[in-house]
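*Asks:* Below is a structure I'd like to ask you about.
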Protein chains: 2
Amino acid sequence: MRITVLAGGVGGARFALGLREAARRGLAGLADARIDIVANTGDDLWLAGLKVCPDLDSLLYALAGVNDTDRGWGRAGDTERVNAELAAFGVGWPWFTLGDLDIGTHIARTSMLQEGASLTEATARLSARWDLGVTLIPVTDDDVPTFVETTAGDSMHFEEWWVRTRASEPAARFVQRGIEVARPAPAALDAIRGADIVLVAPSNPVVSIGTILGIDGIRAALADASAPVVGVSPIIGDAVVRGMADVCLPAIGVATNAGSVGRHYGSRRDGGLLDGWLVDPVDAGVVDAVEEAGIACRAVPLWMSDPDRSAALAVDAIELARGLRADVAV
Amino acid sequence: MRITVLAGGVGGARFALGLREAARRGLAGLADARIDIVANTGDDLWLAGLKVCPDLDSLLYALAGVNDTDRGWGRAGDTERVNAELAAFGVGWPWFTLGDLDIGTHIARTSMLQEGASLTEATARLSARWDLGVTLIPVTDDDVPTFVETTAGDSMHFEEWWVRTRASEPAARFVQRGIEVARPAPAALDAIRGADIVLVAPSNPVVSIGTILGIDGIRAALADASAPVVGVSPIIGDAVVRGMADVCLPAIGVATNAGSVGRHYGSRRDGGLLDGWLVDPVDAGVVDAVEEAGIACRAVPLWMSDPDRSAALAVDAIELARGLRADVAV
C-alpha cells in the first residue's frame, strides 16, 4: 500500500501526523503503508543567503516531534540570538524571525544545495536525522517563489505580504515566479504515479495545493494515476481551520466554503483533481452540490484536535478512496 | 597622522587595541590619527556554506569589546545551539565550534558577499555596527585559503591542522591556494601607500604576516611607501606569546627567536620589510645582531597584559618609527 499526500505546511503536517498515526496503529490496513508527502515549495525564500522552506520545515519539525505547537511554527524551545545579530548588522528581514535551531536547518540545507544536492536530496538528508515514518518530497527542485500582487498595485513575496503586512492589502493575484519552467521533482512524480491512493491535505488551495498543481506535469500525472484522489477540506463552517486560505481564495474567485473549494478542485471525470472530498458535518449542506459536480463527498469530523481524531480523519479519507475504486490494494 | 598596521588575529587585535588606546589618550601625537588595520585572510574558510574569517573576526570582536577574553576566540557569552544542529545534520566540521552570535556574523558576511559586495565592503558594513575607532581592511578580497602540507605527506586546511589535529603532524609547508592570482584589496594598498607609519603587529610571521606579504603588490607597496616600517616581535624569550608561530616557523627554516624573526623579515635597505624592530628586554641579547642586519632594534616591554602596557608598546613602536625618519608627520 502506497499513500501519497499533497500537502502545504501546518494543515498538511497535522494531516500527515494523523496518517502516520493510523499506520502505526495498523488502522485501515495501513500497517505497512509507504507514505510519501509531496510538499509545496511556493513560499520558499532565500533570506540572508539561506534557503528557507516554510512548508517543508513545518512538515519536518512536526513529523520529528520538535515543532513549536504553541506558536504554530518553528522549533520548540527555540531562541533568537542569531536573528538579533542579523538585525544588528542590518541583514535579512527585521520582521521575519528565524529561530536559532531553525537557522541550523537553513544553514545545513543551503550548504547541501551549494554542494550540488537537489532540494529533494537535501530534504532527504535533513529528514534522515529522525525516524519520520514518511518521506518528505518537495514538489519541485526549482525555485518557484510566490509573489503577491495586491489590489493596490504592490508586489511582494508572499511571506512579506503575510508576515510583514498581515495581508493588509487584498491580494489580486498570486504569481509563482519561474513556475512556467519549473519541472516536478522526479521523486514527486514517482510518488504520484506509483500511489495506490492520493490524498490532498487540508492545505491552502491557492498558495499550497495550487502551487503544487501549477508545476508542469503534476496535473497530468494525477490525471493519469491509477490511484483515486481524495481531498480534505481546509474550510470548516466557512472559515479556515488555520492559515490564510480565506484571504487567498478571493484572488481566484472562490468562496471560503468547503463546497466551493471542492468544486474548484473539480472532478477527475471532468479533468479536475478529485474523486472524493471530505467536508465537516457542519458543512453537510454542501455534500449534494459537490456530488452533483461529480465528486463523491462525505461529511466526517475534520477537526484534528488530537492524534486520535487526526488518525480517524486519515482512516475516513482512506476508506472513501477504497470505496471509490474496487481495485485499490488493501 | 595615518598609521597602518599589518595584523593577524589575536596578537594583532591586542596590538590594535593598544594603538587605539594610545590614540584615545592622545599619546605620542596620535590624538587625531587615522588607524587602518590590514588583516590577514589566509585562515579564512567556507564552512557549511558560510564565509568564516577568523582573523578579521578576532579583530572585529576585540575592537568592538564583544570578544571572549577567557577563551581567546569568538564572542563573549556565546552559545552553540546552531552548531549542535549542524552536527546533528552531519554538516560542517564537528570539531570546529561556531558560536551562535559568531554565526550571525558569518551569515551576514556571506549574505553580503552573495549580493556582490567585496570582502572589504562586507567588512566595512559589519564594522559599522560599532564605533571601532579604526578601519578593518582585508589584505585581499580574493580567497587565499592556507593549506598545510605535513611532513607525513598529508594536506589539509590550516584550521583543520590546528584545531582538529592540534598540529600533531609537523608542517613541511604552508600553501595559500590561489595566492598567485590574488590581488591586494585596493583599500589595503591605499592604506600602505598613504601611511605615515606602518606597523607590523606581533602576529604569526608565517601564516599571518607571511600571507599578507605574499599577496602580489603588497611587498612592492611597502618597499615604495614613504612611511617607516616598524615591527613588534611575536616571540618573547624564544616562545610565542599566543598562537602557533612556534609550529609554523620551522617550516620556513626560521628559529623561534625574536632576533631570527626580525632578520627573517629583513631590512628594507636590502629589499626586506623592516626599518625597525621591537623585542622584549628578555631578548635584549639579539639587538646587536638585528641592528647588524640593518634594522634599528629596541628592547622594550612587549607583554600586552593590560591596556596601559598595550598603549605603551604602541607608543614605543611609533616613537621608534619617528626616530628613523625625520620627515614623519607628528
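The values are calculated or read from the model by the stated rules, or taken from the named source; none is laboratory data. Please read these numbers as outputs of a predicted model, since none were measured by experiment. Don't worry about glycine lacking a Cβ; one is built from the backbone with ideal geometry, like all the others, and counts go over all protein chains shown. Surface accessibility is based on the protein's heavy atoms, side chains included, excluding ligands, DNA and RNA. Shrake-Rupley method; radii C 1.70, N 1.55, O 1.52, S 1.80 Å.
*Asks:* In region A:241-277, what residues are at pLDDT 95 or above, hydrophobic (A, V, I, L, M, F, W, C) and farther than 15 Å from A:Ala172 by Cα?
*Replies:* Correct list: A:Ala258, A:Val261, A:Leu273, A:Leu274, A:Trp277.
*Asks:* Something else now. Would you be able to tell me the number of residues in region B:125-147 that are touching a residue at least 60 places away in the same chain (Cβ under 8 Å) and not in a helix (DSSP H, G or I)?
*Replies:* Step one: of region B:125-147, the residues touching a residue at least 60 places away in the same chain (Cβ under 8 Å) are B:126-127, B:129-130, B:132-140, B:143-146.
Subset that is not in a helix (DSSP H, G or I): B:129-130, B:132-140, B:143-146.
Of the residues in that region, 15 qualify.
*Asks:* I need the full set of residues from region B:10-48 which are of a type outside the set (A, V, I, L, M) and assigned to a helix (DSSP H, G or I), in order please. Let's see the steps before the verdict.
*Replies:* As a first pass, look at region B:10-48 and keep what is of a type outside the set (A, V, I, L, M): B:11-12, B:14-15, B:18, B:20-21, B:24-26, B:29, B:32, B:34, B:36, B:40-44, B:46.
Once the filter is applied, which keeps residues that are of a type outside the set (A, V, I, L, M) and assigned to a helix (DSSP H, G or I), region B:10-48 yields B:Gly11, B:Gly12, B:Arg14, B:Phe15, B:Gly18, B:Arg20, B:Glu21, B:Arg24, B:Gly29.
*Asks:* Any chance you could count how many residues in region B:209-230 are under 12 Å from the mean Cα position of the chain (by Cα) and either open to solvent by 10 Å² or more (accessible area, probe 1.4 Å) or free of Cβ contacts under 8 Å to residues at least 60 places away in the same chain (or both)? Don't jump to the end; show me each part of the working.
*Replies:* Here is the first cut: in region B:209-230, the residues under 12 Å from the mean Cα position of the chain (by Cα) are B:209-213.
Retained after the next criterion (residues that are either open to solvent by 10 Å² or more (accessible area, probe 1.4 Å) or free of Cβ contacts under 8 Å to residues at least 60 places away in the same chain (or both)): B:210, B:213.
Of the residues in region B:209-230, 2 are under 12 Å from the mean Cα position of the chain (by Cα) and either open to solvent by 10 Å² or more (accessible area, probe 1.4 Å) or free of Cβ contacts under 8 Å to residues at least 60 places away in the same chain (or both).
*Asks:* Inspect all residues belonging to region A:301-322 and state whether any of them is at pLDDT below 95, among the polar types (S, T, N, Q) and open to solvent by 10 Å² or more (accessible area, probe 1.4 Å).
*Replies:* Yes, the conditions are met somewhere in region A:301-322.
*Asks:* Working only within region A:286-305, note down all residues that are under 24 Å from A:Leu17 (Cα atoms) and without any contact (Cβ under 8 Å) to a residue 40 or more places away in the chain.
*Replies:* Restricting attention to region A:286-305, the residues satisfying the condition of being under 24 Å from A:Leu17 (Cα atoms) are A:297-305.
Listed by number, the residues that qualify are A:Cys297, A:Arg298, A:Ala299, A:Val300, A:Pro301, A:Ser305.
*Asks:* Taking only region A:67-95 into account, find how many residues are without any contact (Cβ under 8 Å) to a residue 24 or more places away in the chain, over 21 Å from A:Ser305 (Cβ atoms) and more than 7 Å from chain B (Cβ to nearest Cβ).
*Replies:* 6
*Asks:* Could you pull out the residue among A:Asp102, A:Asp131, A:Asp196 that is under 21 Å from A:Tyr61 (Cβ atoms), touching a strand residue (DSSP E or B) at 6+ places or on another chain (Cβ under 8 Å) and acidic (Asp, Glu)? Steps first, answer last, please.
*Replies:* Details: A:Asp131 fails: touching a strand residue (DSSP E or B) at 6+ places or on another chain (Cβ under 8 Å); A:Asp196 fails: under 21 Å from A:Tyr61 (Cβ atoms).
None of the others qualify; the one that does is A:Asp102.
*Asks:* On to the next question. A:Arg164 is checked against (1) in contact with a helix residue (DSSP H, G or I) (Cβ under 9 Å, 6 or more places away or on another chain); (2) away from chain B (no Cβ under 14 Å); (3) closer than 26 Å to B:Thr105 by Cβ and fails just one. What number does that condition carry?
*Replies:* Single failed check for A:Arg164: (1).
*Asks:* Looking for something of a type in the set (Ser, Thr, Tyr) and either in contact (Cβ under 8 Å) with a residue 40 or more places away in the chain or open to solvent by 10 Å² or more (accessible area, probe 1.4 Å) (or both) - is there at least one such residue anywhere in region A:263-278? It would help to see each step written out before you state the result.
*Replies:* Within region A:263-278, the subset of a type in the set (Ser, Thr, Tyr) is A:265, A:267.
From the residues that got through so far, the ones that are either in contact (Cβ under 8 Å) with a residue 40 or more places away in the chain or open to solvent by 10 Å² or more (accessible area, probe 1.4 Å) (or both) too are A:265.
Taking every residue of region A:263-278 in turn, at least one turns out to be of a type in the set (Ser, Thr, Tyr) and either in contact (Cβ under 8 Å) with a residue 40 or more places away in the chain or open to solvent by 10 Å² or more (accessible area, probe 1.4 Å) (or both).
*Asks:* Which of the residues that make up region B:239-259 are open to solvent by 20 Å² or more (accessible area, probe 1.4 Å), in contact (Cβ under 8 Å) with a residue 24 or more places away in the chain and not aliphatic (A, V, I, L, M)?
*Replies:* B:Arg242, B:Gly243, B:Pro250, B:Asn257
*Asks:* Something else about it: If I go through region B:58-87 residue by residue, how many of them are touching a Ser or Thr at 6+ places or on another chain (Cβ under 9 Å), under 14 Å from B:Val134 (Cα atoms) and either open to solvent by less than 20 Å² (accessible area, probe 1.4 Å) or not in a helix (DSSP H, G or I) (or both)?
*Replies:* Matching residues across region B:58-87 total 4.
*Asks:* Name the residues in region A:89-104 that are at negative phi and touching a Lys or Arg at 6+ places or on another chain (Cβ under 8 Å), would you? First the steps, then the outcome.
*Replies:* In the first step, residues of region A:89-104 are kept if they are at negative phi; the result is A:89, A:91, A:93-104.
If the condition is that a residue be at negative phi and touching a Lys or Arg at 6+ places or on another chain (Cβ under 8 Å), then A:Phe89, A:Trp93, A:Trp95, A:Phe96, A:Gly99, A:Asp100, A:Leu101, A:Asp102, A:Gly104 are the ones that fit.
*Asks:* In addition: Would you please name the residue that is farthest from the other protein chains (Cβ to nearest Cβ), looking only at residues in region B:105-124 that are part of a helix (DSSP H, G or I) and either touching a Phe, Trp or Tyr at 6+ places or on another chain (Cβ under 7 Å) or among the polar types (S, T, N, Q) (or both)? Talk me through it step by step, then tell me what you get.
*Replies:* Step one: filter region B:105-124 for residues part of a helix (DSSP H, G or I), giving B:105-114, B:119-124.
Going one step further and asking which of them are either touching a Phe, Trp or Tyr at 6+ places or on another chain (Cβ under 7 Å) or among the polar types (S, T, N, Q) (or both), we end up with B:105, B:108, B:110-111, B:114, B:120, B:123.
Details: B:Thr105: 7, B:Ala108: 4, B:Thr110: 5, B:Ser111: 4, B:Gln114: 5, B:Thr120: 16, B:Thr123: 12 Å.
Result: B:Thr120.
Yes or no, residue by residue, for (1) among the hydrophobic types (A, V, I, L, M, F, W, C); (2) within 14 Å of another protein chain (Cβ to nearest Cβ):
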residue	(1), (2)
A:Arg20	no, no
A:Arg25	no, no
A:Leu30	yes, no
A:Asp44	no, no
A:Leu50	yes, yes
A:Asp57	no, yes
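*Asks:* Being among the basic types (Lys, Arg) and touching a helix residue (DSSP H, G or I) at 6+ places or on another chain (Cβ under 8 Å) is the filter here, so list the residues in region B:55-109 that pass it.
*Replies:* Within region B:55-109, the first condition is being among the basic types (Lys, Arg), and the residues that meet it are B:71, B:75, B:81, B:109.
Of everything in region B:55-109, those that are among the basic types (Lys, Arg) and touching a helix residue (DSSP H, G or I) at 6+ places or on another chain (Cβ under 8 Å) turn out to be B:Arg75, B:Arg81, B:Arg109.
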